[in-house]
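This report concerns only the one structure given below.
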Amino acid sequence: MAQAGGLPQANTTSGQTYVKKLVLLGNSSVGKTSLVLRYMRENFRSILPTVGCAFFTKVMDLGSSSLKLEIWDTAGQEKYHSVCHLYFRGANAALLVYDITRKDSFHKAQQWLEELEKEFQPGEVVVMLVGNKTDLGEEREVTFQEGKEFAESKNLLFMETSAKLNYQVSEVFNTVAQELLQRAGEEGNSSSQEGEAVVLNQGPAVRRGQCCAR
Ligand code: GDP
């Protein structure tokens, strides 16, 4: 997995569009949906709240390549302390979100990481730990240092955000996107295997996410 705080440069073949799946994980009410909606505010495509996950797509232009990010939000499934297996399937990246004013949510993010580790090989998925609600600094229960140290110990990317103030929200998604493109460039550029990049117009049809209730 990527180093905490790193901002890797994309290293891809020019002109390609990659499709990657990003899942959001974390306690209820830490701000997952708010982060996505903040990020998507002008480019929002679809929400499917009735089937247990919300699904968004965003095409990001990242220099010589572009990335179609499929963003999956749990839409409340985490209230039952789990999300279904299909939610993880084919994920290329995960945001582990906690609320900096709730220590329990920080511990829960660590448990979500264990869930991810059961599903994926080390380094298979780009994982970023995200401490949200920095605007509530006076109520802070998790220090920046605690978050950073945990992320470093697990080789995760790490950032703190405020969806409310739009602080570092696009940076989170852009950093993950850069890391995904970097890895895609390293892996080669025409794979269509499960969980890897699909190059548009050069292979089988682009895989679409299946939502959990299906
Ligand atoms: P989810 O259950 O993790 O998807 O969390 P939501 O996005 O539904 O947010 C839960 C609550 O936290 C809502 O009342 C949001 O308005 C609030 N919230 C989300 N992000 C922030 C933030 O950065 N700062 C503050 N102060 N509140 C936030």
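To check my understanding: the extent here is largest minus smallest coordinate of the Cα atoms along each principal axis. What are those three numbers for segment 102-167, in Å, largest first?
Cα spread of segment 102-167 along its principal axes, largest to smallest: 38, 22, 17 Å.
In Å², what does the accessible area per residue of segment 93-151 work out to with a 1.4 Å probe?
On a per-residue basis, 45 Å².
Per-residue counts of other Cβ atoms within 10 Å, averaged by peptide: what ranking do you get for 139-148, 122-131, highest first?
Packing proxy ranking, top to bottom: 122-131, 139-148.
Place the peptides 24-33, 109-118 in order of packing, highest mean first, counting for every residue the other Cβ atoms within 10 Å and averaging per peptide.
Sorting 24-33, 109-118 by mean packing, highest first, produces 24-33, 109-118.
Could you work out the local net charge near Ser66, counting Lys and Arg as +1, Asp and Glu as -1, over the other residues with Cβ closer than 13 Å to its Cβ? Walk me through the numbers before you get to the answer.
Values: positive: Lys20, Lys58, Lys68; negative: Asp61.
It works out to a net charge of +2.
Strictly over 28 Å apart at the Cα level, which of Lys58/Lys103; Lys118/Lys164; Lys20/Lys103; Lys68/Lys164 would you flag in this model? Spell out each step's value before the answer.
On the way: Lys58/Lys103 31 Å; Lys118/Lys164 33 Å; Lys20/Lys103 31 Å; Lys68/Lys164 25 Å.
Check vs 28 Å cut-off fails for Lys58/Lys103; Lys118/Lys164; Lys20/Lys103.
The values are calculated or read from the model by the stated rules, or taken from the named source; none is laboratory data. Keep in mind that what you see is a predicted model, and the values were worked out from it rather than measured. Backbone-built Cβ (ideal geometry, glycine too); neighbour counts: all protein chains shown. In case anyone asks, the SASA skips ligands and DNA or RNA and just uses the protein heavy atoms, side chains included. Shrake-Rupley method; radii C 1.70, N 1.55, O 1.52, S 1.80 Å.
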